[in-house]
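Participant: Sharing a structure, written as structure tokens. Questions coming.
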Protein chains: 2
Amino acid sequence: MVSKQIAMTTIELKEAGLKATLPRLKILEILESSTDAQRHMSAEEVYDLLRGQDDKIGLATIYRVLTQFEAAGLVTRHNFEGGHAVFELNQGEHHDHILCVKCGRVEEFVDETIEQRQQNIAKEHGYTITDHSLTIYGICGECQAGKV
Amino acid sequence: MVSKQIAMTTIELKEAGLKATLPRLKILEILESSTDAQRHMSAEEVYDLLRGQDDKIGLATIYRVLTQFEAAGLVTRHNFEGGHAVFELNQGEHHDHILCVKCGRVEEFVDETIEQRQQNIAKEHGYTITDHSLTIYGICGECQAGKV
DNA sequence: AGGGTAATGAGAATCTTTTGCATTTGCCTA
DNA sequence: TAGGCAAATGCAAAAGATTCTCATTACCCT
Ligand SMILES: [Mn+2]
Ligand SMILES: [Mn+2]
Ligand SMILES: [Zn+2]
Ligand SMILES: [Zn+2]
């Protein structure tokens with residue numbers, strides 16, 4: 001089933017207009033196999049996950065590929081607080097984030113009311129929206145409980 | 001009236017629990033005298049504005065002071081796209097931003113509906129909100145007109 | 001005015017991301 | 001299926017933003 005996985009990702013890359021190279025396939029697999037808890041990964045984290053494998057991929061390539069994936073619409077880049085960007089595979093619908101400033105947990109949500117209001121606000125100001133970013137920072141229930 | 005200005009900012013600093021040093025006074029003045037078009041400034045921009053004056057202030061100090069101002073609640077730091085943080089003096093109420101990806105223009109808005117929804121979302125997820133950041137990116141009316 | 005302490009300046013260091021260039025690889029064609 | 005070429009990669013150097021170190025200076029209090 002690994003070969004099938006690779007076959008599938010190969011097709012995804014071709015469809016995105018990208019040559020199906022080994023580094024790109026591996027990075028895409030990492031993103032696709034990530035669990036909910038780590039859907040949002042920095043370039044360095046992707047690099048570390050791939051480092052163990054036989055042929056490791058250079059960090060520069062990780063950055064290059066992730067940027068290409070973003071341009072191709074395969075992934076989204078987020079500039080949360082903390083200096084480094086994080087990436088996530090685009091699957092399902094657009095969503096925004098709420099994250100815990102204590103433990104770093106990231107949760108996703110969709111709110112039609114907010115989406116709608118944003119459209120109105122842009123229109124009121126004469127803007128054509130190209131993108132938007134909404135992140136709520138707070139302390140999650142678990143971190144509130146464990147009073148460390 | 002310059003002396004009065006300085007006197008006022010001195011009080012502000014004292015109230016914020018910060019020693020009234022010359023660098024801090026000058027940086028605060030820069031922020032207070034900024035026009036709408038440049039309310040949101042990077043550390044480097046503040047540095048450049050102060051560079052001209054007789055006794056210029058080191059960039060490291062600008063960063064230190066802006067961070068202290070942030071901690072004291074005097075300014076807010078924004079991580080818009082583009083690699084570097086921008087700061088703005090806290091005056092009036094909380095607001096969010098809509099900015100033009102072509103010309104860099106930044107406009108502010110307040111939307112009670114969105115603020116309210118954010119509170120609800122945080123509650124639904126069991127979070128205590130500490131902060132939030134909403135930025136709409138788009139193309140302003142002027143940039144849409146001038147088809148460059 | 002004098003002294004103790006916190007703040008500053010300058011440059012080095014750090015951290016993240018990008019770039020240059022020689023080498024390798026995927027892909028298309030004969 | 002082999003050959004060749006443009007695109008992609010790895011590595012190291014560079015760049016850009018921010019922080020840190022440490023010697024020197026400036027506030028503030030008495
Ligand atoms: Mn997400
Ligand atoms: Mn603002
Ligand atoms: Zn938490
Ligand atoms: Zn514009």
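Participant: Test B:LEU18 against the stated conditions and say whether it is surrounded by 14 or more Cβ atoms within 10 Å (Cβ to Cβ), out of contact with any Pro (no Cβ under 9 Å at 6 or more places or on another chain), modelled with pLDDT under 95 and more than 26 Å from B:ILE136 (Cα to Cα).
Facilitator: Yes, satisfied.
Participant: Can you name every residue in region A:94-147 that is under 27 Å from A:SER34 (Cβ atoms) and assigned to a loop (DSSP other than H, G, I, E, B)?
Facilitator: Of everything in region A:94-147, those that are under 27 Å from A:SER34 (Cβ atoms) and assigned to a loop (DSSP other than H, G, I, E, B) turn out to be A:HIS94, A:HIS95, A:VAL101, A:LYS102, A:CYS103, A:GLY104, A:ARG105, A:VAL110, A:ASP111, A:CYS140, A:GLY146.
Participant: Then there is this: Of all residues in region B:29-52, which are in contact with a helix residue (DSSP H, G or I) (Cβ under 6 Å, 6 or more places away or on another chain) and open to solvent by 80 Å² or more (accessible area, probe 1.4 Å)?
Facilitator: Of everything in region B:29-52, just one residue is in contact with a helix residue (DSSP H, G or I) (Cβ under 6 Å, 6 or more places away or on another chain) and open to solvent by 80 Å² or more (accessible area, probe 1.4 Å), namely B:LEU49.
Participant: When you check A:GLN91 against the structure, is it away from ligand 3 (no atom under 16 Å from the Cβ) and over 14 Å from A:PRO23 (Cβ atoms), yes or no?
Facilitator: yes
Participant: Answer with yes or no whether A:PHE80 is within 16 Å of ligand 3 (Cβ to nearest atom) and either touching a Lys or Arg at 6+ places or on another chain (Cβ under 9 Å) or part of a loop (DSSP other than H, G, I, E, B) (or both).
Facilitator: Against the criterion (within 16 Å of ligand 3 (Cβ to nearest atom) and either touching a Lys or Arg at 6+ places or on another chain (Cβ under 9 Å) or part of a loop (DSSP other than H, G, I, E, B) (or both)), A:PHE80 qualifies.
Participant: Could you give every pair whose Cβ atoms fall below 6 Å, whose first residue belongs to region A:101-116 and is within 16 Å of DNA strand D (Cβ to nearest atom), and whose second residue is open to solvent by less than 80 Å² (accessible area, probe 1.4 Å), counting only separations of at least 6 or pairs across chains?
Facilitator: From region A:101-116, the pairs are A:VAL101/A:TYR137; A:VAL101/B:THR130.
Participant: Could I ask something else about it? List pairs: first in region B:11-27 and within 14 Å of another protein chain (Cβ to nearest Cβ) and more than 6 Å from DNA strand C (Cβ to nearest atom), second open to solvent by 50 Å² or more (accessible area, probe 1.4 Å) and part of a helix (DSSP H, G or I), Cβ under 6 Å, 6+ apart or cross-chain?
Facilitator: none
Participant: Looking at B:ASP55, B:ASP131 in this structure, which one is loosely packed, with under 15 Cβ neighbours inside 10 Å and either within 14 Å of chain A (Cβ to nearest Cβ) or modelled with pLDDT of 95 or more (or both)?
Facilitator: Matching residue, one of B:ASP55, B:ASP131: B:ASP131.
Participant: Mind checking which residues of region B:72-105 are within 11 Å of chain A (Cβ to nearest Cβ), open to solvent by less than 50 Å² (accessible area, probe 1.4 Å) and among the aliphatic types (A, V, I, L, M)?
Facilitator: Once the filter is applied, which keeps residues that are within 11 Å of chain A (Cβ to nearest Cβ), open to solvent by less than 50 Å² (accessible area, probe 1.4 Å) and among the aliphatic types (A, V, I, L, M), region B:72-105 yields B:ALA85, B:ILE98, B:LEU99.
Participant: For the subset of region A:113-128 comprising residues that are within 7 Å of another protein chain (Cβ to nearest Cβ) and under 27 Å from the mean Cα position of the chain (by Cα), which member is surrounded by the fewest Cβ atoms within 10 Å (Cβ to Cβ)?
Facilitator: A:THR113
Participant: Next question. Could we say that B:GLN144 is more than 9 Å from chain A (Cβ to nearest Cβ) and open to solvent by 50 Å² or more (accessible area, probe 1.4 Å) here?
Facilitator: no
Participant: Anything in region B:80-100 that is within 16 Å of ligand 4 (Cβ to nearest atom) and in contact (Cβ under 8 Å) with a residue 12 or more places away in the chain? List them, or say none.
Facilitator: B:PHE80, B:GLU81, B:HIS97, B:ILE98, B:LEU99, B:CYS100
The values are calculated or read from the model by the stated rules, or taken from the named source; none is laboratory data. As the structure is a computational prediction, the values presented were derived from the model and not from experiment. For neighbour counting, all protein chains shown are included, and Cβ atoms are generated from backbone atoms with ideal geometry for every residue, glycine included. Areas reflect the complete protein model, heavy atoms only, side chains present, ligands, DNA and RNA absent. Shrake-Rupley method; radii C 1.70, N 1.55, O 1.52, S 1.80 Å.
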